Amino acid sequence: MPLYVTSATHRVIALPELLAGRDARQAKQQAWLARHSAPLISFTVVSPGPIKDSELTRRIFNHGIRALRLLAEASGWEIRQQTCFPVITGPEGLLVIDAPASQVKQAAIELEQSHPLGRLWDIDVLTPQGNILSRKDFSLPPRGCLLCQQDAAYCAREQTHSLQDLTARMESLLNDADHATQR
């Protein structure tokens, strides 16, 4: 199920395209929830800057899909259906999981916190009713910045760090993860 990294578009995305992509993702989520009536993982890559579909984001995405599949297997959860979407606003994955949504979200949070690339993943868990479970639901603070100790949303809004520094950190984390999987 990994995406081919050589097919990345490298297209610069403007805000209207980004918003349209988010709306399209939400429509896909709602369609899947209506069809399956089970918890849904919606997986994307945190990708600063105007290019969301690149070899870098696809490689990070592929690591995440593998980690989610291993998590489901280790937890004894059935993946009822899964697919990946190679879209210009960045790779997206949907996985219907046969397990309680709160358990899936707790495990997803743990994965985001423990995996070398977890900070670069956005693993949303939706209940069968379509509610998105958040870190707040588990009394957890917002996610931290990739480069400093601030709230990530604050740094993104204020553009505290350069795109070059953020991309370099993403590449460093990916290299660390690649080396860890080769051992």
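The values are calculated or read from the model by the stated rules, or taken from the named source; none is laboratory data. Keep in mind that this is a model prediction, so the values were computed, not measured. FYI the Cβ positions are ideal-geometry reconstructions off the backbone, even for glycines, and counts take in every protein chain you see. In case anyone asks, the SASA skips ligands and DNA or RNA and just uses the protein heavy atoms, side chains included. Shrake-Rupley method; radii C 1.70, N 1.55, O 1.52, S 1.80 Å.
Observations on the structure shown:
- Top-ranked residue in the stretch 82-139 [being buried (at least 17 other Cβ atoms within 10 Å of the Cβ) and of a type in the set (S, T, N, Q); ranked as farthest from ALA72 (Cα to Cα)]: THR89
- Helices (runs of 4 or more DSSP H) wholly inside the stretch 93-183 that include at least 3 residues being within 29 Å of ALA38 (Cβ to Cβ): 101-114
- LEU68 fulfils the conditions (1) open to solvent by 10 Å² or more (accessible area, probe 1.4 Å); (2) in a helix (DSSP H, G or I) except for a single criterion, (1).
- ASP53 vs. criteria open to solvent by less than 50 Å² (accessible area, probe 1.4 Å) and either at pLDDT below 95 or under 12 Å from the mean Cα position of the chain (by Cα) (or both): no
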